[in-house]
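What follows is one structure encoded as structure tokens, with my remarks underneath.
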Amino acid sequence: MPPTIPMLTYDPLDPATLADPHPVLAALREATPVFWHEGMRTWVLTRHADCVAVLRDYALFARDRRRMGAEVPELSLSVQSLDPPHQAPVRSLFMTALHAQDLTAIELRARALLAARFGRLTGGGEFDVMAEVAAPLSIAVISDLLGVDEPDHSSFAQVSDAIMRSMDGGLDSSVVEPGRIARQELSALVESWFRTSGRPGLLSHVREHARQGTGAGLDLFVRNTARVMFQGGYSTMVAAIGNAVHTLLHNPHALQQMRDQDLLRTGVDELVRYDGPVQGTSRIATETCEIGGVTVTEGETVTVLFAAANHDPAQFPDPGRLLPGRSPNRHLGYGWGTHACIGTMPAQMALRALVASLLEHPAPLNAAAEPRRRRTATMRAFDVLPAVFRPELGVHR
């Protein structure tokens, strides 16, 4: 008898997968690139080409579940849950407002914040990158971009955490209700900004153009999108910064390469490809079709695994290596197509500020105690990432 081949399984919350998802994702991509996950009740895609095909075809693969007869709570209706053509007006409103902001000035303020924070942390022993760098930088950048006062850090972190964990509702139903309550709390905060905030910024621009008629009839979508942009921008940025720091601590040569401004520009993209924060997204098939040789029935869910696609050797030669000069780099770290993250530019800006600040600081950053990954599937992040600035080592130039 031939030897029994063990069936490959994918448990995104398995400790080994949380530590490094790529061995199991590579094995699945090789053996069953499109497979059914019974626990999540979804088809799972691991190849870059298949993932892009689904993300591009919003007619065949719906993001807006109402198109398939599902009930969607009002709090969940935003630019990220709508499909074209209904999505276009609200997306255009926010993208126009984003391009109207002085992103260079925001990046310079982020670098000043980091310089001051790094200065306070140097010589003080071990610290947690997530609490002392990633969270304060992210909330400062997203508040600066929107033109609002920074909310209380600890209370907002709890709200953001509940919303982020609720994205794993397909794996753990207990996180759904806390997430719904947290969205209500955050919606109330956003509503207060629309009523009272007069500071220049993206929110002021959106509010003014909505008042002029550009956003007529989009009031609910505009407010929900502002909430999604603030919370999603914050949580994704926190995760991306932690992942980037961890990657650079283990690839110091890549950090030094990014002293070259051209490599800094391409390098932050490569950091997101190599270990990005958002691990995947889902769509619903609007009719029976075929993906990668597998028949998907109308109404079935399809999950696109960004993490697997971003390490597909058919698209990225030598995917396990961090190459700051990698170009082209068509990674899916920010999604793809009409549902690509509207906060891509601020996220790239924050990562550039981070890398530049690490290079400018007179003391190099070193890993300290063992880090701990957060037990979440949709968002890949650290709970704790210990590090230390060691002034006695000086700058490596």
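The values are calculated or read from the model by the stated rules, or taken from the named source; none is laboratory data. None of the values given here were measured: they were computed from a predicted structure. Reconstructed Cβ throughout: ideal geometry from the backbone, glycine too, with neighbour counts over all protein chains shown.
Within region 84-129, being under 30 Å from residue 64 (Cα atoms), among the hydroxyl-bearing types (Ser, Thr, Tyr) and in contact with a helix residue (DSSP H, G or I) (Cβ under 9 Å, 6 or more places away or on another chain) holds for one residue alone: 96. Once region 162-180 is narrowed to residues that are of a type outside the set (Lys, Arg) and touching a residue at least 24 places away in the same chain (Cβ under 8 Å), the residue that is nearest to residue 227 (Cα to Cα) is 163.
From the list 145, 82, the one residue that fits, being touching a residue at least 24 places away in the same chain (Cβ under 8 Å), of a type in the set (A, V, I, L, M, F, W, C) and part of a helix (DSSP H, G or I), is 145. For region 329-340, which residues satisfy the criterion of being assigned to a loop (DSSP other than H, G, I, E, B), surrounded by fewer than 19 Cβ atoms within 10 Å (Cβ to Cβ) and at pLDDT below 95? 340 - this is the single residue of region 329-340 that is assigned to a loop (DSSP other than H, G, I, E, B), surrounded by fewer than 19 Cβ atoms within 10 Å (Cβ to Cβ) and at pLDDT below 95. Determine if region 117-127 includes at least one residue that is of a type in the set (A, V, I, L, M, F, W, C) and closer than 19 Å to residue 347 by Cβ. No, that holds for no residue. Kindly evaluate residue 91 against the criterion of being in a helix (DSSP H, G or I), of a type in the set (D, E, K, R) and either under 17 Å from residue 351 (Cα atoms) or at pLDDT 95 or above (or both). Criteria not met by residue 91. Taken over region 357-372, the residue count meeting the criterion of being within 21 Å of the chain's Cα centre (by Cα) and either of a type in the set (Val, Ile, Thr) or buried (at least 19 other Cβ atoms within 10 Å of the Cβ) (or both) is 1. When residue 269 is tested against (1) farther than 25 Å from residue 343 by Cβ; (2) among the charged types (D, E, K, R); (3) touching a residue at least 40 places away in the same chain (Cβ under 8 Å), exactly one condition is not met: (1). Every condition in (1) free of Cβ contacts under 8 Å to residues at least 40 places away in the same chain; (2) in a helix (DSSP H, G or I) is met by residue 133 except one, and the failing one is (1).
Go through region 183-293 and tell me which helices (runs of 4 or more DSSP H), entirely inside it, have 3 or more residues that are surrounded by fewer than 22 Cβ atoms within 10 Å (Cβ to Cβ) and at pLDDT 90 or above. Answer list for region 183-293: 219-249, 252-257, 261-274.
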